[in-house]
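What follows is calculated from the coordinates using simple rules that are stated; it is not laboratory data. Computed from a predicted structure; not experimentally measured. Please note: Cβ atoms are built from the backbone with ideal geometry, for glycine as well, and neighbour counts cover all protein chains shown.
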Amino acid sequence: MVMDNLITGNYNNIIQHSANPKFEFIHHNVSNHIHLIGDLDWVVHFASPASPIDYLNLPIETLKVNSLGTHNSLGLALAKGAKYFLASTSEVYGDPLKHPQPEDYWGNVNPIGPRGVYDEAKRFAEAITMAYHNKHGLDTRIVRIFNCYGPRLRPDDGRVVSSFIKQALNDEPFTVYGEGNQTRSFQYVSDLVDGIRRLMEVEHHQPVNIGNPEEKTVVELAHIVKELTGSASEVVYKPLPVDDPCRRLPDITKARTLLGWSPRVDLRTGLTRTIEWYRNLDAATKARSGTPA
Ligand code: UDP
């Protein structure tokens, strides 16, 4: 059963499951009370805008889904005797002063900055999840997800990977924010899913980082996308958004030792698959509008 209000999502991403008799889609905003009939094994709470431009455009919705939505979904899990899985984020570390970031680093977050609506709400979500575990004995998990990319990443979601691929395929300039020497580490979606599945299988209630420890600057990423697409795009520099983290790199020692997990898809392989998906999407869109691909 999937519940979503599709505020940033797209039903086409899950349409391939609609013929499965076990699959059910409920259009609902989990920030409102959730009423469900029947049993549940797991409540997996991944609902939230997660791209910076989405949570800047939807600040109240982002705060509500990670506070009220987390509370509602925890209450649902408790009522059903289900296990509970929370998607948290590397943004709980804010603009980190420690590198790489281990789970016991408390972070450096500006509560009233533009990113505060996401960062603080996710920190609250972690706090209330731990409280339900400690107070009610709920069987909980918390994953801290670092930058993730892959097919189905919304082309206009404003994230760096989707933006650069789209720009490269249209021979438009790469919009690099600041000087482009800020770093991220990008994990391919199948690695993330593998980490999540492994975390479901162990009894561990503290947060676990899942991310790729290969650090890249934003300019390096632009050059790799240029090379893989064969694009003529050049870099243009734009102002750095407020509170944009300078460096982000996961310490994945815990995931390695606890889950036996480490990423298997390197950046070039993952980007090649993602570029292919964007090319097909472009061709399909052009075919629908009658434009030659
Ligand atoms: N970025 C950029 N150009 C873009 C989009 C993003 O230079 O068109 C930068 C952004 O400033 C940040 C990094 O790329 O330093 C990653 O941004 P993204 O929005 O993908 O996710 P974040 O890690 O900031 O949540």
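Brief remarks follow.
- Answer residue from the stretch 108-138, given it is closer than 20 Å to residue 205 by Cβ and of a type in the set (Val, Ile, Thr) and is surrounded by the most Cβ atoms within 10 Å (Cβ to Cβ) among those: 129
- Filtering the stretch 4-45 to residues that are in contact with a helix residue (DSSP H, G or I) (Cβ under 9 Å, 6 or more places away or on another chain) and among the hydrophobic types (A, V, I, L, M, F, W, C) leaves 7, 23, 25, 30, 34, 36, 40, 42, 43, 44.
- Scanning the stretch 226-270 for residues that are among the hydroxyl-bearing types (Ser, Thr, Tyr) and touching a residue at least 24 places away in the same chain (Cβ under 8 Å) turns up 229, 231, 233, 237, 253, 269.
- Within the stretch 74-131, considering residues that are more than 12 Å from residue 144 (Cα to Cα) and in a strand (DSSP E or B), the one nearest to the chain's Cα centre (by Cα): 94
- All conditions in (1) farther than 26 Å from residue 53 by Cα; (2) under 18 Å from the mean Cα position of the chain (by Cα); (3) of a type outside the set (Val, Ile, Thr) hold for residue 201, with the sole exception of (2).
- Screening the stretch 85-107 for residues that are in contact with a helix residue (DSSP H, G or I) (Cβ under 7 Å, 6 or more places away or on another chain) and polar (S, T, N, Q) and picking the one that is nearest to the ligand (Cβ to nearest atom) gives 89.
So that you can scan it fast, the table gives a plain yes or no per residue for (1) out of contact with any Ser or Thr (no Cβ under 8 Å at 6 or more places or on another chain); (2) surrounded by fewer than 20 Cβ atoms within 10 Å (Cβ to Cβ):
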| site | (1), (2) |
| --- | --- |
| 200 | yes, yes |
| 213 | no, yes |
| 220 | yes, yes |
| 250 | no, no |
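- Failed item, numbered, when residue 16 is tested on (1) of a type outside the set (D, E, K, R); (2) within 16 Å of the ligand (Cβ to nearest atom); (3) more than 30 Å from residue 244 (Cα to Cα): (2)
- Residue satisfying all of: in the stretch 152-183; assigned to a loop (DSSP other than H, G, I, E, B) and within 14 Å of residue 223 (Cβ to Cβ); nearest to the ligand (Cβ to nearest atom) among these: 180
- For the stretch 229-242, a residue qualifies if it is surrounded by fewer than 18 Cβ atoms within 10 Å (Cβ to Cβ) and either away from the ligand (no atom under 13 Å from the Cβ) or not in a loop (DSSP other than H, G, I, E, B) (or both), and the qualifying residues are 230, 232, 234, 235, 236, 237, 238.
- Among the candidates 228, 281, the residue that is under 19 Å from residue 152 (Cα atoms) and out of contact with any Lys or Arg (no Cβ under 7 Å at 6 or more places or on another chain) is uniquely 281.
- Scan the stretch 27-63 for residues that are part of a helix (DSSP H, G or I), away from the ligand (no atom under 16 Å from the Cβ) and surrounded by 19 or more Cβ atoms within 10 Å (Cβ to Cβ) and the total you get is 2.
- Selected residue [among the aliphatic types (A, V, I, L, M), over 22 Å from residue 250 (Cβ atoms) and away from the ligand (no atom under 16 Å from the Cβ)] from 82, 125: 82
- Scanning the stretch 184-220 for residues that are within 16 Å of the ligand (Cβ to nearest atom), in contact with a Phe, Trp or Tyr (Cβ under 8 Å, 6 or more places away or on another chain) and part of a helix (DSSP H, G or I) returns 189, 218.
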